[in-house]
1. Compute and list, largest first, the equivalent-ellipsoid semi-axes of the stretch 3-442 from the alpha carbon gyration tensor, each √(5λ) rounded to a whole angstrom.
2. If you average the alpha carbon positions of the stretch 422-443 and of the stretch 56-90, how far apart do those two centres end up, in angstrom?
3. In debye, nearest 20, what is the charge dipole magnitude of the chain about its Cα centre with +1 on Lys and Arg Cβ and -1 on Asp and Glu Cβ, if you could check?
4. With each pseudo-label sitting 7 Å past Cα toward Cβ, what's the LEU267-PHE419 distance in nm, one decimal?
5. So if each residue of separation counts as 0.36 nm, and I subtract the Cα-Cα distance between TRP353 and ILE164, what length gain in nm does that give?
6. Under 12 Å Cα to Cα from LYS168, which aspartates and glutamates show up? Leave out anything in the same chain fewer than 8 places away.
7. Figure the gain on full extension for SER147 and THR293 (residue separation times 0.36 nm, minus the Cα-Cα span) and round it to one decimal in nm.
8. Which FRET efficiency value, to the nearest 0.05, is calculated for ALA53 and THR286 with the Förster distance at 30 angstrom and r the Cβ-Cβ distance?
Amino acid sequence: MPSFRRVILFLWLMPALVHAQNSDSSRRVSFFQDTTQTSVHFQLTTIFQWHPAFHALYSGRYSLDSNEERATSVTSTLFTGLKLWHDGALYFNPELAGGKGISSVTGIAGFTNGETPRIGDPAPSVTIARLYLQQVVGLSTATEHLSDGVNQCSMDVPIDRITITLGKFAISDFFDCNAYSHDPRSQFQNWALMENGAWDYPANTHGYTEGAVLDAKISDWSFRANTVAVPTEANGETLEYRSGAHAEAIEIEHRHSFTEHPGVVRLLLFNNTARMGNYALATNDTQYHIDITQTRAYGRTKYGVGLNIEQEITPNIGAFLRAGWSDGNNETWAFTEIDRTISLGTMMQGTIWGRTGDCIGIAGVVNMLSQNHRQYLAAGGYDFNIGDGRLNYSPEIIAEAFYAWQVQEALTLTGDYQFVANPAYNADRGPVSVWSVRGHIAF
């Protein structure tokens, strides 16, 4: 049996080697007893994807393969937390990742497997996903209880507070969150649904960065800001933080109630600075041969704005909307090739049809490029994950639907379908259907 398959088999069997117990609503293993000082959780996710052959007038270096294709990815994470002192904790997450996405994660801007950003090499390898210190500073005497959870030690904290985070983490742990569309391990799998696609959020190949986050929660409002490192190369693994290479974002959040149903509105402002190339320069100046990598220089920026809304409709049905815009003048550096996006969807809990723990999700996305970006691709240019050698531009339109079946308390199996029209914004290719089976263990 190939080594990759042995790793997957071992990880799938590991939870069965211990006795699970349900002392409260969270999932635990008996030798991972919750205390006031520690928190330990585990997840394993495998995603198998397949697409049939589809029509394509031509293909380029980073096109989605028009032939039938299959791919499997796996990630497994141990989430550990240690309460160090009053309102302070240390979190450490070793993570195994391996496998690949279809076409080696190229050919679709709103890519279909949200776990693949965590995979830098098809061979399974273990990395440190997160290692950060978190400190809460009280702004009120009234307190609330934070239950033990993933990267959350059980503790009582002031209702109004400032939380300071320092270290290595995923910036998406704190920004652009959404109750119905944020986690590709249990919700929608598409990149443009798990995050705001227009936000080229700073991260290395595995999806993580280093820096600082400040989050202030006051009554129904939250204000958060960050300054973090960016990759040294587009979609690269190593990170740097220096003059001309850094990223910042500010998010304002308001929690409300509409006809007694909770909702949240978030406004995100972002600015990334890195050694980016320039689309217009690469396209129009013949000395660069339509190669954006030859135009790179420190201090170039990509800025934009994002809107993120979630709203409970009934206790078992919720809806979300995201919209995003970035200037699209300089090279995409870390996430994916989307300059404008809008997405809308809903999730329904299985309680409605007598299957508590199950859920259904349906959503749609429209992704677009800036004028300079599309002209660069039409001239034969390549980005780091799309490029067909030429381009008959049309917005990339994606629909996703899934059913998540909770087999046991800790095991969920999901069937997922994604329809992608104009993959990589090219009306001369596709459409393509991508089918998925996802297995997720969490306790």
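Read the figures in this text as sums done on the coordinates, not as results from a lab. Since this is a predicted model, take the numbers as computed values, not measurements. Here Cβ is always computed from backbone atoms with ideal geometry, including for glycine, and neighbour counts include all displayed protein chains.
1. In descending order, the three semi-axes are 34, 26, 21 Å.
2. Computed from Cα coordinates, the inter-centre distance equals 14 Å.
3. I would put it at about 600 debye.
4. 3.6 nm
5. Roughly 63.8 nm would be gained on extension.
6. Qualifying aspartates and glutamates at Cα under 12 Å: GLU210.
7. Gain on extension, SER147 to THR293, equals 47.8 nm.
8. E(calc), rounded to 0.05, equals 0.20.
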